[in-house]
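Engineer: Here's a structure for you.
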Amino acid sequence: MKRAVLVTAICGLALGSTACAPSVAEEPGANQETDRRTASTPRTAQFGQRYSWSDGVAVAFSRPSPLRSPLVGPGRRGVQLTLTLSNGGSTPLRLPLTKLDGTFTERGTGKVADAEPLVDKAGKLGISPDAPELPAGRSIDVRIGFAVGEQPGTLLVAASPDQGVKYQDVTFAGEV
């Protein structure tokens, strides 16, 4: 998969074909049953839905819409979504660098291809605010885009506010 590391200050994203969260390392003294359940429980949502962690931090993606951009190459089409990161917790949320990977599965053929992240500073696409933190009680919206295949299919987007360190990825999916 193509990878693009963007110098942005929002949640870490990883777009991939897996719907399961990564394994959780067990710490000495940790409740092993809870750790196993957490590690094996897929975290999934549809575009247009919101996913919240127990401390009030949440992430949501809008439903995809068409995107016309000169960044979309021949034989591909553009789609855009709005990413909303909300800090419903009681402390500021540190906003790390954002990493984007994409997976697109073509309907009918089952062909899997990269969903190429699109970054356009002038068009404010894939670029987030420069703030290092998201204060408690605040939210931010970021417009993101991808180049996908010409035929309809399924786009997968996995997101974590801190690149999976404290918050395991949640995978959003939808037809585009």
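Engineer: Considering only protein heavy atoms and a 1.4 Å probe, what is the carbon-and-sulfur percentage of the accessible area of region 74-176?
Structural biologist: Carbon and sulfur together cover 51 percent of it.
Engineer: Still on this structure: Using 0.36 nm per residue, how much length does the chain from residue 112 to residue 94 gain when fully extended, once their Cα-Cα distance is taken away?
Structural biologist: 3.1 nm
Engineer: Compute the distance from the alpha-carbon center of region 61-120 to that of region 137-162, in whole Å.
Structural biologist: Here the two parts' Cα centres lie 3 Å apart.
Engineer: At 1.4 Å probe radius, can you tell me the per residue accessible area of region 67-176 in Å²? Intermediate results must be reported in sequence, preceding the final value.
Structural biologist: Values: 5270 Å² over 110 residues.
Computed with neighbouring chains in place, this is 48 Å² per residue.
The values are calculated or read from the model by the stated rules, or taken from the named source; none is laboratory data. Fair warning: this is a prediction, and the values are worked out from it, not measured in the lab. Accessible surface is based on the protein model in full, side chains and every heavy atom, while ligands, DNA and RNA are left aside. Shrake-Rupley method; radii C 1.70, N 1.55, O 1.52, S 1.80 Å.
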